[in-house]
Amino acid sequence: MLDRSEVLHVARLARLRLTDEEVERMSRELSKVLDHIEKISELDLEGVPPTSHVVDVPGGLRADEPRPCLSREEALASAPAVAEGGFEVPSPGL
């Protein structure tokens, strides 16, 4: 089970503020995730090809070709805040 300091470290890396109750819950939940990963690492996957989807997805990616896009003015027209010609976003404030 992950201890409090490990959860707080992960939260800091993710720029999250957690209450004491959330730290306890995350400790349990993250520990369950790590337990599942440990079980998966015990499997013999020799010869199993890597996959990006669990089912076959033919033509899942389109060709990367240039095409027309919105002008800057159109893209920013409905933005809640604009600064220096781009979207203005709040600072993380940690």
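Every read-out reported here was derived from the displayed coordinates using simple, explicitly stated rules and does not represent laboratory data. Just so it is clear, the model here is predicted, and its values are computed rather than measured. Ideal geometry is used to build each Cβ from the backbone, glycine not excepted, and the neighbour counts take in all protein chains shown.
For SER27, state whether it is free of Cβ contacts under 8 Å to residues at least 60 places away in the same chain, in a loop (DSSP other than H, G, I, E, B) and polar (S, T, N, Q).
Numbers: free of Cβ contacts under 8 Å to residues at least 60 places away in the same chain: yes; in a loop (DSSP other than H, G, I, E, B): no; polar (S, T, N, Q): yes.
Criteria not met by SER27.
Residues are listed down the side, and each one gets a yes or a no for (1) of a type in the set (Ser, Thr, Tyr); (2) part of a helix (DSSP H, G or I); (3) in contact (Cβ under 8 Å) with a residue 24 or more places away in the chain; (4) touching a helix residue (DSSP H, G or I) at 6+ places or on another chain (Cβ under 8 Å):
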| site | (1), (2), (3), (4) |
| --- | --- |
| LEU2 | no, no, yes, yes |
| GLU38 | no, yes, no, no |
| GLY47 | no, no, no, no |
| THR51 | yes, no, no, no |
| VAL55 | no, no, no, no |
| GLU65 | no, no, no, no |
| ALA79 | no, no, no, no |
